[in-house]
Amino acid sequence: MKKLFFVLAFTSFFISCEDSKSDRQAMLPTSSGNINNLQVVIDDDLWSGEVGETIRSHFAATVEGLPQEEPLFTINQLPLNSFEGFTQKHRNFLYVKKGEQMQYKPTTDHYAKPQTGIFISGNSNEELIGLINDKASEMISSFRETEIKEKQRRMSLALLEVKPLKDSLKVSLTMPSVYRIAKLSSDFAWLRKDIRTGDLNILIYEMPLDAFQNEETRMQEIISMRDSIGKKHIHGTVEGSYMITEKAFAPYLFETKVNDRFAYQAKGTWELYNFFMAGPFVNYIIEDKPNNRYLVIEGFTFAPSINKRDYQFELESIIHSIKFK
């Protein structure tokens with residue numbers, strides 16, 4: 001009987017804790033902040049010194065693959081004693097405090113929802129700098145994942161009907177209705193969105209699984225693939241002009257995953273052959289063994305004379321929403 005009473009009491013306590021957690025979640029305010037903004041909560045003396053410089057070297061590092069220098073995150077610095085009220089509602093924050101035991105503590109939905117926060121403390125500048133350097137990649141990945149989810153949520157409020165993509169290329173995307181299908185066939189899709197100074201573009205096509213011969217030639221094979229697609233499908237207004245990979249700079253190449261599938265990621269700059277137009281691109285070559293292919297999905301931007309980080313981030317958010325039929 002005592003054993004039964006203990007089990008019932010424990011179960012009741014567990015349910016009560018879960019209910020309390022749910023109630024707290026329901027009471028949290030909605031987070032705020034522009035996409036790719038990061039609030040760094042740190043006292044002014046640390047921010048102006050080597051600790052602040054270390055933070056900026058990671059979180060305001062130049063985004064790879066853009067034609068001009070733009071930071072990974074737009075940073076807003078705030079002293080510790082000002083971090084209260086509405087300032088705690090920012091969607092991403094990094095809280096750095098000196099004079100306490102060294103600690104690294106990521107949190108989710110701490111003051112608002114959705115929210116990713118990271119608390120860092122250390123007894124000295126050296127401890128703080130070491131912790132920031134050790135955890136920078138992990139922190140950046142967490143903040144970027146939060147931003148991708150938020151961007152996808154905003155885009156899902158008014159979606160483009162993508163059934164033609166399912167029928168032709170066996171994929172679906174979370175894509176806002178401001179995009180349109182510019183070209184579609186059984187093995188190629190081009191989707192576009194007009195912006196004030198140009199346009200955003202998504203390309204989708206296929207490659208055989210044996211397309212790459214070896215690691216040494218992989219980058220050149222990706223460039224050749226892109227250039228052949230550009231010559232066939234992406235033409236300029238001047239006769240004989242078409243999209244190619246910029247010849248002056250080789251793209252960056254990484255191995256990554258998209259929805260748990262192995263992928264190559266190439267980031268660089270495109271240009272028009274025989275005409276003066278250019279911009280950034282990000283290209284994912286996703287392994288799709290069930291369909292015996294690589295599925296290539298690329299986002300590229302044409303937006304002269306303005307920053308392009310957030311446009312490319314929108315395209316990457318769409319790419320990361322991909323689902324295979």
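Here is a yes/no grid of residues against (1) open to solvent by 50 Å² or more (accessible area, probe 1.4 Å); (2) assigned to a helix (DSSP H, G or I); (3) at pLDDT below 95; (4) not small (G, A, S):
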residue	(1), (2), (3), (4)
F249	yes, no, yes, yes
I285	no, no, no, yes
E298	no, no, no, yes
F313	no, yes, no, yes
Of the candidates S137, S121, the one satisfying the condition of being modelled with pLDDT of 95 or more, open to solvent by 20 Å² or more (accessible area, probe 1.4 Å) and either over 23 Å from the mean Cα position of the chain (by Cα) or of a type in the set (S, T, N, Q) (or both) is S137
Only one of I318, I285, I297, I306 is touching a strand residue (DSSP E or B) at 6+ places or on another chain (Cβ under 9 Å) and farther than 14 Å from L203 by Cα, namely I306
Within the stretch 273-324, the residues that are among the basic types (K, R) and farther than 21 Å from N36 by Cα are K289, R293, K323
Counting only residues in the stretch 42-63 that are open to solvent by less than 30 Å² (accessible area, probe 1.4 Å) and of a type in the set (A, V, I, L, M), the one modelled with the lowest pLDDT is identified as V63
Restricting the stretch 87-100 to residues that are at pLDDT 95 or above and open to solvent by 60 Å² or more (accessible area, probe 1.4 Å), the one farthest from L131 (Cα to Cα) turns out to be K89
Apart from one, (1) free of Cβ contacts under 8 Å to residues at least 12 places away in the same chain; (2) under 30 Å from F249 (Cβ atoms) all hold for H58; the odd one out is (1)
Within the stretch 315-325, of all residues that are outside any strand (DSSP E or B) and open to solvent by 40 Å² or more (accessible area, probe 1.4 Å), the one modelled with the highest pLDDT is H320
Residue count, the stretch 68-106, condition under 18 Å from the mean Cα position of the chain (by Cα) and in a loop (DSSP other than H, G, I, E, B), comes to 5
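The values are calculated or read from the model by the stated rules, or taken from the named source; none is laboratory data. Not measured: the values here are computed from a predicted model. Don't worry about glycine lacking a Cβ; one is built from the backbone with ideal geometry, like all the others, and counts go over all protein chains shown. Quick note on the areas: whole protein, heavy atoms, side chains included, nothing else; ligands and nucleic acids left out. Shrake-Rupley method; radii C 1.70, N 1.55, O 1.52, S 1.80 Å.
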